[in-house]
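Participant: Right, I'll just put the structure down here and ask away after.
The values are calculated or read from the model by the stated rules, or taken from the named source; none is laboratory data. Bear in mind the structure is a predicted one, so any value in this text is a computation, not a measurement. All Cβ positions, glycine included, derive from the backbone under ideal geometry; neighbour counts span all protein chains shown. We work out accessible area using only protein heavy atoms, side chains counted, and drop any ligands, DNA or RNA first. Shrake-Rupley method; radii C 1.70, N 1.55, O 1.52, S 1.80 Å.
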Amino acid sequence: MTTIAFLGTGLMGSGFVRRARATGLAVRVWNRSAAKAQALAAADSGITACAGVAEAVAGAERIHLALSDDASVDAVLEPLAGALPPGTWIVDHTTTAVRPTAERVARWDARGASFVHAPVFMSPANCAEGTGLMLVSGDPARHEALLPALQGMTGKVLYLGPQPERAAAFKLFGNLTLLGILGILGDVARLGAAVDIGMQDAFSLFQHFNPGQTLPQRAQRIAGGQWDPPSFEMAMARKDLRLMIEEAARGGQALAMMPALAALLDAGIARGEGSLDVAAAMRVPR
């Protein structure tokens, strides 16, 4: 039976461990809070809770990590430098920053390990069920060798190219979008409160109107520089933002996200772009 090590058994890591057992793998687990690892081991004889990282990785075919950030990844892995056999697979599912990820891969490559960054868009339930999306980048040969194992962990593996830090970047792109949506919903709730419409009532709009469907089209318009003819003129969009901000203020509410968006549109209008599509205000000057 193949044995893997899993370092970090929080919500996501615990789900991955359960999935690994469902696919017939033996798992050696370590967590900074030992009780979480011990609870997994108590529920399944194929899971071994280890007191230390070195104990967990001993004899493991692959080392997987699901930790909190760059600092935690380095704190766990660096003590293993010089102790891992050449060619050891290290698969990091942690959401980490782009440049530190590139440096980490280079550092472990120099030590003879095969480090792959594979962050995910997966809830704890997805991790346990083997559904969702996993991002991978880096050496194509490593991707091909690792792909069968990764496919057993998730519904889809998206390979993003040979630069090892690209998966980290794309994970941040996705999370930025998800968190941005939450910020927008917060402003919808604030505007609703300002006009005496409850949050549940205001949000009922999205049972019928799905703005997310326009995201790929809008992204392509920004990326492709398609400003004319406009589908939503920048000047008219700015007028609507003014209405939102002013109406919220009349009801004693301050919108959090819309003023920053209004500033981008103001800059575009100052450049003489008021008659172009509002997407023109979102481009990044080069």
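Participant: Taking only Cα atoms, what is the 0 to 90° angle, nearest 10, from helix 11-22's long axis to the longest principal axis of the chain?
Facilitator: Helix 11-22 and the main axis of the chain meet at about 50 degrees.
Participant: Kirkwood Rh over alpha-carbon pairs of the stretch 181-223, then Stokes-Einstein at 4 °C and 1.567 mPa s: what D in µm² s⁻¹, rounded to an integer?
Facilitator: Estimated via Stokes-Einstein, D reaches 112 µm²/s.
Participant: If only Cα atoms are counted, what is the Rg of the chain, and what is its Dmax, in Å?
Facilitator: 23.5, 68
Participant: May I pose another question? Over the chain, what is the relative contact order in whole percent, taking alpha-carbon pairs under 8 Å and six or more residues apart?
Facilitator: Computed over the chain, the figure is 13 percent.
Participant: With axes computed from alpha carbons, what is the tilt in degrees of helix 140-151 against the longest principal axis of the chain, rounded to the nearest 10 within 0 to 90?
Facilitator: That helix lies at roughly 90 degrees to the long axis.
Participant: Another one. Which one of Val53, Ala128, Gly186 is farthest out on the positive end of the charge dipole of the chain, using unit charges on Cβ (Lys, Arg +1; Asp, Glu -1) and the Cα centre as origin?
Facilitator: Of Val53, Ala128, Gly186, it is Val53.
Participant: What are the residues whose amide H is under 5 Å from the amide H of Trp89, where those residues sit 5 or more places off or on another chain and H is modelled from the backbone?
Facilitator: Hits under the 5 Å cutoff: Ile63, Ser114.
Participant: Which angle between 0 and 90 degrees, to the nearest 10, do you get for helix 34-43 versus the longest principal axis of the chain when only C-alpha atoms count?
Facilitator: Relative to the chain, helix 34-43 is tipped by roughly 70 degrees.
Participant: Rounded to the nearest 5, what % of the DSSP beta bridges within the chain are antiparallel ones?
Facilitator: Percent antiparallel among DSSP bridges in the chain is about 15.
Participant: Would you mind calculating the gained length between Leu179 and Met199 on full extension (0.36 nm times residue separation, minus the Cα-Cα distance), in nm to one decimal?
Facilitator: So the chain would gain 5.4 nm between Leu179 and Met199.
Participant: Using a probe radius of 1.4 Å on heavy atoms only, what accessible surface per residue do you get for the chain? Whole Å² is fine.
Facilitator: Accessible surface, normalised per residue, equals 51 Å².
Participant: With charges set only on the Cβ (+1 for Lys and Arg, -1 for Asp and Glu), what does the dipole of the chain come to about its Cα centre, in debye to the nearest 20?
Facilitator: Dipole about the Cα centre, nearest 20: 320 debye.
Participant: Can you work out ³J(HN,Hα) from phi for every residue in the stretch 87-103, in order, using Karplus 6.51 cos²θ - 1.76 cosθ + 1.60 and θ = phi - 60°, giving whole Hz and x for Gly and Pro?
Facilitator: Coupling constants for the stretch 87-103: x, 4, 7, 10, 10, 9, 9, 5, 6, 10, 6, 6, 5, x, 5, 4, 5 Hz.
Participant: Another question, if that's okay. If each Cα of the stretch 84-174 is one equal point scatterer, what is log10 of I(q)/I(0) from the Debye formula at q = 0.24 Å⁻¹?
Facilitator: Listed by q, the Debye log ratios stand at -1.23.
Participant: Per residue, how big is the convex hull around the C-alpha atoms of the stretch 129-286? Give it to me in cubic angstrom, could you?
Facilitator: About 146 Å³ per residue, rounded to a whole number.
Participant: Here is a further query. Going by amide H atoms built from the backbone, whose H comes under 5 Å of the H on Val29, apart from near neighbours?
Facilitator: Phe6, Thr48, Ala49, Cys50
Participant: A further question on this structure: What number comes out for the charge environment of Ala51, summing +1 per Lys or Arg and -1 per Asp or Glu over other residues with Cβ under 15 Å away?
Facilitator: Counting the neighbours of Ala51, the net charge comes to +2.
Participant: Leaving out ligands, DNA and RNA, what percent of the accessible area of the chain is carbon and sulfur, probe 1.4 Å?
Facilitator: 59
Participant: Regarding the stretch 142-204, what whole-number volume in Å³ per residue does the convex hull of its Cα atoms give?
Facilitator: Per residue, the Cα convex hull of the stretch 142-204 comes to 96 Å³.
Participant: Distance between the C-alpha centers of the stretch 1-74 and the stretch 192-267? Whole Å please.
Facilitator: When both Cα centres are located, 44 Å separates them.
Participant: Report the charge-dipole magnitude of the stretch 1-150 in Debye, nearest 20, computed about the Cα centre from +1 at each Lys and Arg Cβ and -1 at each Asp and Glu Cβ.
Facilitator: About 240 debye.
Participant: Further question on the same structure: Convert each backbone phi in the stretch 257-265 into a coupling constant with the Karplus relation 6.51 cos²θ - 1.76 cosθ + 1.60 (shift: θ = phi - 60°), then list the ³J(HN,Hα) values in order as whole Hz, x for Gly and Pro.
Facilitator: 8, 5, x, 5, 5, 4, 5, 5, 5
Participant: Packing-wise, with mean Cβ within 10 Å as the measure, how do 13-24, 167-178 rank, highest first?
Facilitator: The densest-packed peptide leads the list: 13-24, 167-178.
Participant: Related question: Suppose a student asked you for the relative contact order of the stretch 55-160, using Cα pairs under 8 Å spaced at least 6 residues apart; what percent would you report?
Facilitator: Once normalised by length, the contact order is 21 percent.
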